[in-house]
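Below: the structure, in structure tokens.
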Amino acid sequence: MLFSYNWLQSFFDKKLPQAKHLSELLTKHFAEVEEIKKNGNDYIFDIDIRPNRASDCFSHMGIAREISAILNYQIKRFPSVKNTAGKQASVKVEVLAKSACLRYTARLVKDIKVGPSPKWLSDELKICGLGPINNIVDIANYVMLETGQPLHAFDAEKLAGGKIVVRFAKDKEKIVTLEDQKFNLSPDVLVIADSNHPIAIAGIKGGKSPEIGKSTKTIVLESANFNPQVIRKSSKKLNLRTDASLRFEHSIDPGLTEPAINRAAFLIEEIAGGKMAGSVIDVYPKKVLAKMIKLDLAYVERLLGIKISSIEIKKILERLGFEIKNSQSKIFYVKVPTFRLDVSLPEDLIEEIGRIYGYDRIPLVSPISYLIPAKRNLNVFWEDFVKNVLKEARFIETYNYSFFGEKEAKLFGYKEKELVQVENPLNQEYEYLRASLIPGLLKNVEKNISNFNNFKIFELGKVFKYPLIEKRQLSGLILDEEFYYLKGVVDLIFEKLGIGDVWYDEHQPTPEQSSQSIWHARKCAEIKVNGKEIGFLGEISPKILSVLGIKNKVILFDIDFEKLSQLSSEEQEYRPISKFPSAIRDIAVLVPKDVKVAEILNKIYEAGGKAVRNVELFDLYEGMEMPEGKKNLAFHIIYQAEDRTLSSSEIDSLQRKVIKSLEKEQGWKVRK
């Protein structure tokens, strides 16, 4: 907001500091002066008034009060209005909307002479961004900029019935403003009316009908206080914001109406030659009284961290306009002036003391406290842990919306009673909270398959089921890879999480978390830990992929992360690294198609004993060259002893033992 340096100087007899120094003081003790501009022999301050101080500092008087408190300068009072009254006012005021109009003050001024404003008045308005109109309107605007109280002047002879009524607009009432703008009013818009029609939109803009013109001889000055919420709503509804509405929206002291109207009357007498007709008309049904706050000086010291003498505290508060009761005590009773709407607590007073005293005078003291490490959040810890494991396995994390629609629900076999419906969905695609992460991941594939040849993506997020099931799920998928590749990734997750006794049950697998129809009937398995299902692993049904237009093979795992995190442990079994070299022998086994890899592994470990350190499946073939109903599996067998180097003859002997053990099984043949 713009303020004139010379105007501020007019409030003081003592010379103010230079503009730059004054701006530094205001920034330090009050509010930031964002810019200073030189304008002729004046300076314009652009001050960033905080919203809590708008009620008293959207005016030169408010800024002058701050300067007075900071510099301890005595501020001058307004000149009093001349007593030229004597006759009874011939205008009546009726406030019907009492909750919207807290106070309405009016004065009738006669025998005015409307004309251009004197140069000093025009210049002050221009500096603050307002254009001069005529001496009466300019005085009203000048007093608003000076005191913060918006004023309005009506031509008294144009008021129908010689009456002013404050009421809400009637349905479909209309008004034309001073700028010839036409507005259709509604019953929630507060208006100032005469006996027939609205003559102003209360607190926002005056109407055209009682406009001040060259022929105007008698005016009614209005100085009112309106409910800020009512003005704000009206301004927003009409899309009309003015200097007056800006001030009313931030609330104004009701006690300001009378001094402001007297100030305007004084200036009209001086400039336009008017005479007061009758006394002030003041409708003020519920007077606002000053607040009283109990201030404990010991609390001031504790909160500011510095001891300020009671004498200095008293001086600071009095310079700001507060009154102190029983100032000899260690507890002050402080009377808050009605214009300080922002002060209602002892802490508010302490803030006032601190800023005027100077925060830079408060010594820096390092706080003394015990540093307690934050308690580990295991939910977050295991989430991050698993994400890192998958990141190391070259998976990319995805984040999808927590919703899906009717189309996905039908495609993935969810019944309506299983789903949580959103009360006000943004569109049909977000009708339900997602019951699974799988639809979102497959949608990622559908959207990106044309740009990438393969995918390794995962998501860790919440899923929801009716009525009150909400839990975290971990799902990931790969494209065009073998089932065993993704099984190896799942094994890696369990190994890193310290979870043992993991089993993949392929016998009539039934997923707990997803619909059976999602999975390929013969290429899926339940993931079990300690005999209980924790997730599902398998190939996505070709039927679903066909609907989504995905031609590639998709292998996916879907794990209940709540169960997974409960089983996880940072404790790992330590097995020392042998200092003796290892040896690798390969073996290929031709077995019936229904033989599981685990069955072959068990046979190898059993026959090789402790010397078999590890067995890795590196090839699986079921091509045309294979005998019917057979498949070929190839393994690396790693032999290593902990106490010696195994000789070639020992390794050969172990290898023969393994082959013999495998060939004992009916239909199994080791290929040599």
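The values are calculated or read from the model by the stated rules, or taken from the named source; none is laboratory data. Being a predicted model, the structure only gives us computed values, none of them experimental. We place every Cβ from the backbone using ideal geometry, glycine too, and count neighbours over all the protein chains shown. These area figures cover heavy atoms from the full protein model, side chains too; ligands, DNA and RNA do not enter into them. Shrake-Rupley method; radii C 1.70, N 1.55, O 1.52, S 1.80 Å.
A few remarks follow.
- Cα gyration tensor of the range 479-556 - equivalent ellipsoid semi-axes, whole Å, descending: 23, 15, 9
- Distance histogram in 10 Å bins (all Cα pairs of the range 412-563, percent per bin): 10, 40, 36, 12, 1
- When the Cα gyration tensor is reduced to axis lengths a ≥ b ≥ c, the ratio a/c is 1.5 or higher for the range 426-483, and with a/b not above b/c it is classed as oblate.
- Spatial offset of the range 131-149 relative to the range 600-672 amounts to 100 Å, using the alpha carbon center of each.
- For the chain, the Cβ-based charge dipole about the Cα centre amounts to some 2100 debye (Lys, Arg positive; Asp, Glu negative; other atoms uncharged).
- Normalising by residue count, the range 242-373 has a Cα convex hull of 224 Å³ per residue.
- Protein accessible area in the range 552-666, 1.4 Å probe - carbon and sulfur %: 48
- Here the range 193-255 is assigned +1 on the Cβ of each Lys and Arg and -1 on the Cβ of each Asp and Glu. Its dipole about the Cα centre then comes out at about 280 debye.
- Lysines whose Cα lies under 17 Å from that of LYS660, excluding same-chain neighbours fewer than 8 positions away: LYS603, LYS669, LYS672
- Residue-normalised convex hull volume from the C-alpha trace of the range 23-176: 189 Å³ per residue.
- Flagged links, alpha-carbon separation over 18 Å, of LYS37/LYS126; LYS496/LYS532; LYS523/LYS543: LYS496/LYS532
- Only aspartates and glutamates eight or more places from LYS325 in sequence, or on another chain, were considered; those with a Cα closer than 14 Å are ASP296.
- At an R0 of 60 angstrom, the distance between the Cβ atoms of ARG376 and SER10 translates into a FRET efficiency of 0.40.
- Cross-link pairs exceeding 21 Å in C-alpha to C-alpha distance, out of LYS487/LYS610; LYS170/LYS233; LYS182/LYS208, comprise LYS487/LYS610.
- Beta bridges by DSSP in the chain, antiparallel share as percent, to the nearest 5: 95
- Three-way shape label, the range 205-297, alpha-carbon gyration tensor, a/c 1.5: oblate
- FRET efficiency, 1/(1 + (r/R0)^6) with R0 41 Å, evaluated for ASN454 and SER653 via beta carbons: 0.45
- Loop-resident sites, the range 338-399, for trypsin sites (Lys or Arg not before Pro), counting at most 12 other Cβ within 10 Å (DSSP): LYS375, ARG376, ARG394
- When the convex hull of its Cα atoms is projected in every direction, mean area for the range 252-303 (nm²): 6.6
- Rounded, prolate or oblate (a/c below 1.5 giving rounded, otherwise prolate when a/b exceeds b/c) for the range 536-647 by Cα gyration tensor: oblate
- Of the cross-linked pairs LYS14/LYS217; LYS76/LYS335; LYS443/LYS630; LYS28/LYS375, those separated by over 30 Å at the C-alpha level are LYS14/LYS217; LYS443/LYS630; LYS28/LYS375.
- In terms of the mean number of neighbouring beta-carbon atoms within 10 Å, the peptides 467-474, 133-140 order highest first as 133-140, 467-474.
- Straight-line cross-link reach from LYS119 at under 16 Å between alpha-carbon atoms covers these aspartates and glutamates, not counting any fewer than eight positions away in the same chain: ASP42, ASP138, GLU270.
- Packing, as the average of other Cβ atoms within 10 Å across residues, places the peptides 618-627, 661-670, 247-256 in the order 247-256, 661-670, 618-627, highest first.
- Proportion of all alpha-carbon pairs of the range 295-406 beyond 18 Å (%): 66
- Positive dipole terminus of the range 573-613, leading residue within ILE604, PRO576, ALA588 (C-beta point charges): PRO576
- Signed unit charges on C-beta, dipole axis of the chain, positive-most listed residue LEU303, TRP7, SER517: TRP7
- Positive-end extreme of charge dipole, the chain - chosen from GLY623, VAL91, HIS60 (charges on Cβ): VAL91
- The percentage of C-alpha pairs in the chain whose separation is greater than 46 Å is 54%.
- Normalised per residue, the accessible area of the chain is 53 Å², obtained with a 1.4 Å probe and no contribution from ligands, DNA or RNA.
- Under a model in which nothing but the beta-carbon of Lys, Arg (+1) and Asp, Glu (-1) is charged, the range 42-190 shows a dipole of about 740 debye around its Cα centre.
- Summary of packing: across the peptides 56-69, 100-113, 519-532, the per-residue average of other C-beta atoms within 10 Å ranks them, highest first, as 56-69, 100-113, 519-532.
- Paramagnetic label zone (point 7 Å from Cα along Cα-to-C-beta, LYS37; backbone N under 20 Å) in the range 130-154: 130-133, 142, 145-146
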